[in-house]
Amino acid sequence: MSSPNMNTLKRCLADLRFTNSFTHHLIADARTAGEPFARARTPSPFAHTPRQVLSAHFSYVEPEPAPDPVLISVSKPCGEVLGLDLEAILADEREKDRFIGFVSGRYVPEGTNPWSMAYAGHQFGSWAGQLGDGRAICLGEVTTEAEQRWEVQLKGAGLTPFSRFADGYAVLRSSIREYLCSEAMFHLGVPTTRALSLVGSSRRVQRETEETGAVVCRLAPTWVRFGNFELFLSRGDIPNLRLLADWVIAHHFPHLAAHPTKYSAWLTEVTHRTAKTIAKWQSVGFCHGVLNTDNMSILGLTLDYGPFQFMDAYDPQYVCNHSDHTGRYAFDAQPGVGLWNVAKLASAVSPLVVDEENGDKSRAEDKLKEVLQSYAGKFHEEYMSLMTKKLGLMSPRPEDVETLVKPLLAHLATLQADYTHFFRSLSTGFTLAQSDSKPPLSEPLEEWYNAYRTRLLSELDSQAQDVLVKADMDRMQRMKAANPKYILRNHLAQQVIDKAEKGDYGDLEAYFKVLQRPFEDGSAEEGTKFAGSVPSWAKGLKCSCSS
């Protein structure tokens, strides 16, 4: 996506164009129904009452204003996605107040009517029934000058009909983690939702202990998940299932709208996007933690940052969520879980595929099997492309999996090597131009290194000194662009959180800046503070589900 022209960025929220296609084309909860594109004059008493919502894709619900809102941080690159010049907005007192009101739930612009989505899902492999946006409220869908759609959503803005037994709020601890990680993932090149702002408040929220409340304003082209489709299949509501699928295809997969078998073609693309995103997780060492079907984006985005972690010591069986007692969502299980979740989506939309096969269930089943069987190949293709880039190879070869990637990961697991540090140091730790130059290696890696060096040399037409020097420079540049120096570390996030809870946001802002340029070396001070070794007390530090 090209960067917007700074001269065309909007300097006031009133210039945003709200189109709200989701609520305009889909079915509202009858107990909260209001006019599309207009604010409901009298808020429904059912909007903040947790209950079963039937025969609807969403409920209209107003956000609860955060008390005494404090704008802790904003993402200027994310603001540019909406076409906003946040620097100019925050320099104008009137516009700043309006912006803080917007991202804290105090101000809902004209032209929209906030809503929360209805969906269901499988959680830890078990059917959970209706779930829905229990603490997420979409302020509206903004359409930019480039005709890109972005749904602007507040997380932690109060009760919705889908809150069940919760309070609809979010705490500062988890809000900081989501704010930092979603933007860090974007700058790593991983498909993800975005985070526009982080707002603190005087609200106290009870979790394991009483904590400070917060609201994250986040963006996605759509927040529709696999679970939206599962909900309607579970209720036998095929008309609303079809309506939702048609809306998703028309607005987010328009190139498939006229396809003769658009539903299976669409499912194929969702399957491939999912496989590619999870391959990217594996390549950067990211553990999702709660990979339920209700946390699976229909666009293949990384969605809902609850328990998550970038691995420190490489451990293929690492589980980052302390509530995952069986290891269902362990790091090496993620590709398989992704396929399991896609299979649940395929089951949910199977009636649509049967229809497009003229009612022939056998042909529809064969088509769905074919789609699911394509997942593994797409995952492998993407993963190998990413890993060969991390190793500085110019092009992958089929044998690289067995001769380089698998042996290296096995060694890293045995040595409990820091995954990110190892690849970053490999980027600059040796030169081909000097045959005796190699990074400091433990003995088990000596044989692997020799095979790796031989493989690098095999890509060159000559081993003349000038050729090797040029090859080294090119390889180092490629590897540094594929291997980040800065990732979101659990212990660093916790240190940021500890200070932020005392009103000190300096480290949060400093860390946020380096996470927006993860492949750059940065200053010596930044390297020491944010890219150093993980202290012994922080190794194995896991995160909580409560947020």
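The values are calculated or read from the model by the stated rules, or taken from the named source; none is laboratory data. Small disclaimer: the values here were computed from a predicted structure and weren't measured. All Cβ positions, even for glycine, are placed from backbone atoms using ideal geometry, and neighbour counts span all protein chains on display. Quick note on the areas: whole protein, heavy atoms, side chains included, nothing else; ligands and nucleic acids left out. Shrake-Rupley method; radii C 1.70, N 1.55, O 1.52, S 1.80 Å.
Summarising the label geometry, the points placed 7 Å from Cα in the beta-carbon direction at Arg204 and Gln52 lie 3.8 nm from one another. Note that segment 316-325 has calculated 3J(HN,Hα) couplings of x, 9, 5, 10, 8, 9, 5, 8, 8, 6 Hz, one per residue in order, obtained from phi through the Karplus relation 6.51 cos²θ - 1.76 cosθ + 1.60 (θ = phi - 60°); glycine and proline are x. Label positions at Glu87 and Gln317, each projected 7 Å from the Cα along the C-beta direction, are separated by 5.1 nm. Near the amide H of Cys287, within less than 5 Å, lie the amide hydrogens of Gln309, Phe310, Met311, all on another chain or at least 5 residues away, with H placed in the peptide plane. Ordered by solvent-accessible area of protein heavy atoms (1.4 Å probe), largest first, the residues Thr144, Thr403 come out as Thr403, Thr144.
Here, segment 417-547 has an Rg and a Dmax of 18.7, 60 Å when only alpha carbons are counted. Only alpha carbons enter this Debye calculation for segment 13-223, each as an equal point scatterer, and the log10 of I(q)/I(0) it gives at q = 0.09, 0.11, 0.16 Å⁻¹ is -0.33, -0.50, -1.11. Sort out for me the Cα centre separation of segment 485-504 from segment 49-121, rounded to whole Å. When both Cα centres are located, 25 Å separates them.
Looking at segment 46-156, what % of the alpha carbon pairs are farther apart than 16 Å? Please report the intermediate quantities before stating the final value.
Working: 4043 of 6105 pairs.
Roughly 66 percent, rounded to a whole number.
The value of relative contact order for segment 340-473, using C-alpha pairs under 8 Å at least six residues apart, is 18 percent.
Modelled this way, with points 7 Å down the Cα-to-C-beta line, the labels at Lys542 and Gln373 are 3.8 nm from one another. If the segment from Asp97 to Ala128 were pulled out straight at 0.36 nm per residue, it would be longer than the present Cα-Cα gap by 7.1 nm.
Annotation: Cα Rg of segment 177-303 relative to the compact-globule expectation 2.2 N^0.38 Å equals 1.24. Taking Cα centroids, how far is segment 223-252 from segment 306-375 in Å? The distance from the Cα centre of segment 223-252 to that of segment 306-375 comes to 18 Å. Here the Karplus curve 6.51 cos²θ - 1.76 cosθ + 1.60, taken at θ = phi - 60°, turns the phi angles of segment 410-425 into couplings of 5, 5, 4, 5, 5, 7, 6, 6, 5, 4, 5, 4, 4, 5, 5, 5 Hz, with x standing for Gly and Pro. Here the sum of -39500 (n - 2.57) over DSSP H runs of 4 or more residues, divided by the residues of the chain, equals -12500 deg cm²/dmol at 222 nm, to the nearest 500. Just to confirm the filter: which GluC sites (Glu not before Pro) across segment 191-292 are DSSP coil and have at most 16 other Cβ within 10 angstrom of their Cβ? Listed in order of number, the matching sites are Glu208.
Per residue, the accessible area of segment 348-445 comes to 50 Å², computed with a 1.4 Å probe over protein heavy atoms only.
Can you give me the orientation-averaged projected area of the convex hull built on the Cα atoms of segment 256-388, in nm²? Each step should come with its number before you reach the end.
On the way: hull surface 34.7 nm².
One quarter of the hull surface, i.e. the mean projection, equals 8.7 nm².
Extent of segment 472-547 along its three principal axes (Cα atoms, max minus min coordinate, largest first): 46, 26, 23 Å. If the segment from Glu459 to Thr528 were pulled out straight at 0.36 nm per residue, it would be longer than the present Cα-Cα gap by 21.3 nm.
In the chain, which longest range has no trypsin sites (Lys or Arg not before Pro) that are both DSSP loop (not H, G, I, E or B) and surrounded by at most 10 other Cβ atoms within 10 Å?
On the way: sites that count: Arg41, Lys502.
Counting at most 10 other Cβ atoms within 10 Å as exposed, the longest clean stretch of the chain is 42-501.
Phi-derived couplings, Karplus 6.51 cos²θ - 1.76 cosθ + 1.60 at θ = phi - 60°, listed residue by residue for segment 338-346: x, 5, 4, 5, 4, 4, 5, 5, 4 Hz, with x used for Gly and Pro.
Contact order, relative form, for the chain: 13 percent (alpha carbon pairs under 8 Å, 6 or more residues apart, mean separation divided by residue count). This structure gives semi-axes √(5λ) of the Cα gyration tensor in Å, computed directly, and of [x] 32, 28, 22; [y] 67, 34, 20; [z] 40, 29, 22 that value is listed as [z]. Per-atom-type breakdown for the chain gives carbon and sulfur 51% of the accessible area (1.4 Å probe, protein chains only).
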